[in-house]
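Please read the structure below before turning to the comments.
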Amino acid sequence: MKTNADLTIYNRYISSRADVYLRTVVKKVALENQRAVRNRSHGGVISDDKAIVYIPMAHGGDYLSPKDWQALSTKTGNWTLQEGDIIVKGEVADTISSAFTVSDLMAKYDDVLKITAVDTWDAGSSSMHHWQVSAK
């Protein structure tokens, strides 16, 4: 698989009744962006950007399934792919908090998307095993 980008993943979980995001950078992914706008029925347009990201399992490192990751008491050092998580093209150092929100992240970077689906492709040769992540 030819890769063209690094990816920052913000895994979301609940702690003390608040959303918390844990940042992980995954190197060497294949990312396909599609920029689009959609016309609103009552006038105007809205962004309809989407992306498909292919993450080789060989680059998975400390990946855990969503349920296994959510069950951890200490999540640092592990990551997952689940609907609702935030992804950003490139290596991003910002930490999402009450001082720097998801809205701030979206204002600062072009390619900020929310994961809508994750498919596991683990048949055939191990060099072809990957996760296919859809995001909007």
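Values computed for the structure shown
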item	result
Failed item, numbered, when residue 33 is tested on (1) over 23 Å from residue 13 (Cβ atoms); (2) surrounded by 15 or more Cβ atoms within 10 Å (Cβ to Cβ); (3) more than 14 Å from the chain's Cα centre (by Cα)	(3)
Check on residue 40, in contact (Cβ under 8 Å) with a residue 40 or more places away in the chain and among the basic types (Lys, Arg)	no
Residue satisfying all of: in region 68-96; part of a loop (DSSP other than H, G, I, E, B) and of a type in the set (A, V, I, L, M); nearest to residue 18 (Cα to Cα) among these	96
Of the criteria (1) more than 24 Å from residue 36 (Cα to Cα); (2) loosely packed, with under 13 Cβ neighbours inside 10 Å, which one residue 69 fails	(2)
Selected residue (only one of 21, 13, 63 is surrounded by 15 or more Cβ atoms within 10 Å (Cβ to Cβ), touching a strand residue (DSSP E or B) at 6+ places or on another chain (Cβ under 8 Å), over 25 Å from residue 103 (Cα atoms) and among the aromatic types (Phe, Trp, Tyr))	63
Among residues of region 72-96, those that are buried (at least 18 other Cβ atoms within 10 Å of the Cβ) and more than 14 Å from the chain's Cα centre (by Cα), counted	1
Members of region 1-19 found to be without any contact (Cβ under 8 Å) to a residue 12 or more places away in the chain and either β-branched (Val, Ile, Thr) or in contact with a Lys or Arg (Cβ under 7 Å, 6 or more places away or on another chain) (or both), listed by number	14, 19
Count of region 97-115 residues which are surrounded by 13 or more Cβ atoms within 10 Å (Cβ to Cβ), out of contact with any helix residue (DSSP H, G or I) (no Cβ under 8 Å at 6 or more places or on another chain) and not in a loop (DSSP other than H, G, I, E, B)	7
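None of the figures in this text is laboratory data; all of them are computed from the coordinates on show. It should be emphasised that the depicted structure is a prediction, and the values quoted were computed from it without experimental measurement. Positions of Cβ are backbone-derived with ideal geometry, glycine not excepted, and every protein chain shown enters the neighbour counts.
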